[in-house]
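A short write-up of the structure that comes next.
The values are calculated or read from the model by the stated rules, or taken from the named source; none is laboratory data. Values in this document were obtained by computation on a predicted structure and should not be read as measured data. For neighbour counting, all protein chains shown are included, and Cβ atoms are generated from backbone atoms with ideal geometry for every residue, glycine included. Each accessible area value is taken on the protein alone, full model and side chains, heavy atoms only, with ligands, DNA and RNA left out. Shrake-Rupley method; radii C 1.70, N 1.55, O 1.52, S 1.80 Å.
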Amino acid sequence: MEFTLTPLTVLWFVIIAVCWIGYVSLEGFGFGTGMMLKTVAKDERERRALINSIGPHWDGNEVWLLTAGGATFAAFPEWYATWFSGMFIALVLILLCLIIRICALEWRKMINTYAWRNFWDIGHTVVCWVTPVVFGVAFGNFVQGMQIEVGRYDEAGGTFHAIPADAVGVEALADNHHYLTGGFLSLFTPFTLVAGLVVLALFFTHGALWLSIKLAGDLREKYLNITKKSSLVSTGLAAVWALWGFFAYSSQTLAIIPLAICAVLLLAAVAMIYAGRETVAFGLHFAGIAMAVVMIFAMFFPYAMKSSIAEGYSLTLAQAAATGPTQIVMTIAACLFVPVVLAYTIWAYWVFRKRIDAGQIPEEPVGLDPKKIREFETLA
């Protein structure tokens with residue numbers, strides 16, 4: 001008996017890729033906007049305009065990340081277990097960054113003092129620079145492969161015993177599992193670090209493009225000019241990394257198709273930016289990032305996690321998949337709820353489609369007066 005790659009398994013691999021497309025393409029401009037909160041925005045009105053541009057959308061965008069994680073857990077439990085145990089430190093770092101970002105977005109307006117707002121703005125900006133790099137390093141590892149072995153740990157001493165790569169099969173995996181044995185530092189290589197810079201640069205450009213279509217007047221021109229410079233850097237970095245990944249690490253020659261489409265879309269976006277058509281440019285850049293995710297998933301298919309030690313140690317989708325009945329139930333649920341998520345997302349962006357005029361934002365910051373809070377507590 002051998003592990004078989006079924007149509008349902010491939011379907012759920014595609015669904016997980018779609019969830020990552022939704023998260024990266026939508027929340028990418030949210031992180032890009034946050035990067036500019038303390039580095040580009042010059043005053044309180046401008047910062048509030050930046051936050052208002054993503055305010056109605058950021059929490060809905062996070063649903064795609066939760067869905068991607070939940071789908072991986074249910075459809076590919078072995079993939080989920082190997083991934084989360086091997087990248088535990090990186091995932092905790094991402095979780096902390098997301099928590100800080102949520103607190104910054106929700107709590108910034110609560111207290112009317114410069115120190116309070118500045119504290120959360122700095123935290124927001126820092127995590128928006130850090131998180132894309134961590135995501136990029138993770139994506140780079142999926143393409144490059146990680147130091148994964150198959151074996152088991154002693155219950156007493158915790159010593160790992162690997163089995164030969166050519167002995168990995170159905171019977172062997174009944175008592176042994178895939179483990180990332182290289183440790184946290186093994187995740188950092190020149191290729192994965194460049195991947196982190198690529199995601200960072202693409203998110204920065206995506207955020208600047210978003211602001212150029214959401215803000216009015218001088219701010220629209222300001223962020224469009226920023227995009228003209230950043231788009232050249234991000235597109236160039238993406239081209240170098242994509243070609244490096246395809247020729248050095250890709251498991252599929254067909255990955256050249258999404259790579260080529262991604263290149264055309266990003267170059268077309270740059271052309272539209274310089275033509276001053278920011279709305280069209282944003283749509284092209286959005287599609288380019290989406291196609292980059294397709295390219296990444298195509299590069300490591302049919303594996304869930306590739307091993308850089310030996311091909312026999314790689315975790316295939318067939319090995320990682322849940323049972324057939326589980327996938328059938330999940331498919332029914334996906335058919336019912338994914339359209340709802342898509343419809344809500346489209347509706348939210350349509351309702352909040354108008355540009356924001358920073359000049360109409362009141363000069364007086366919002367929030368409670370801390371002196372009155374203390375006075376109330378004293379009286380109580």
If you roll a 1.4 angstrom probe over the protein chains with everything in place, what fraction of the accessible area of the chain belongs to carbon and sulfur, to the nearest %? 70 percent
Sorted by chain and then number, the residues having a modelled amide H within less than 5 Å of the amide H of residue 215, at least 5 places away or on another chain, are 356
Taking the chain as a Gaussian network, where each spring joins two C-alpha atoms under 10 Å apart, which residue of 45, 117, 353 fluctuates the most? 353
Taking the full set of protein chains and a 1.4 angstrom probe, give the accessible area of residue 363 in square angstrom, rounded to the nearest 10. 140 Å²
Using label points projected 7 Å from each Cα along Cα→Cβ, tell me how many nm separate residue 328 and residue 102, to one decimal. 3.6 nm
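Among DSSP beta bridges lying fully in the chain, give the percent that are antiparallel, nearest 5.
Percent antiparallel among DSSP bridges in the chain is about 75.
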By average Cβ neighbour count within 10 Å, what is the ranking of 278-291, 230-243 from highest down? 278-291, 230-243
The stretch 1-141, accessible area per residue, ligands and nucleic acids excluded (1.4 Å, Å²): 40 Å²
Normalised by the number of residues in the stretch 88-246, what is the relative contact order in percent for Cα pairs under 8 Å and 6+ residues apart? 22 percent
Determine the gain in length on full extension of the stretch residue 260-residue 354; use 0.36 nm per residue of separation and subtract their C-alpha separation, reporting nm with one decimal. 30.5 nm
Let me know the shape class of the stretch 218-326, please: from the alpha-carbon gyration tensor, a ≥ b ≥ c as square roots of the eigenvalues, rounded when a/c is under 1.5, otherwise prolate if a/b is greater than b/c, or oblate. prolate
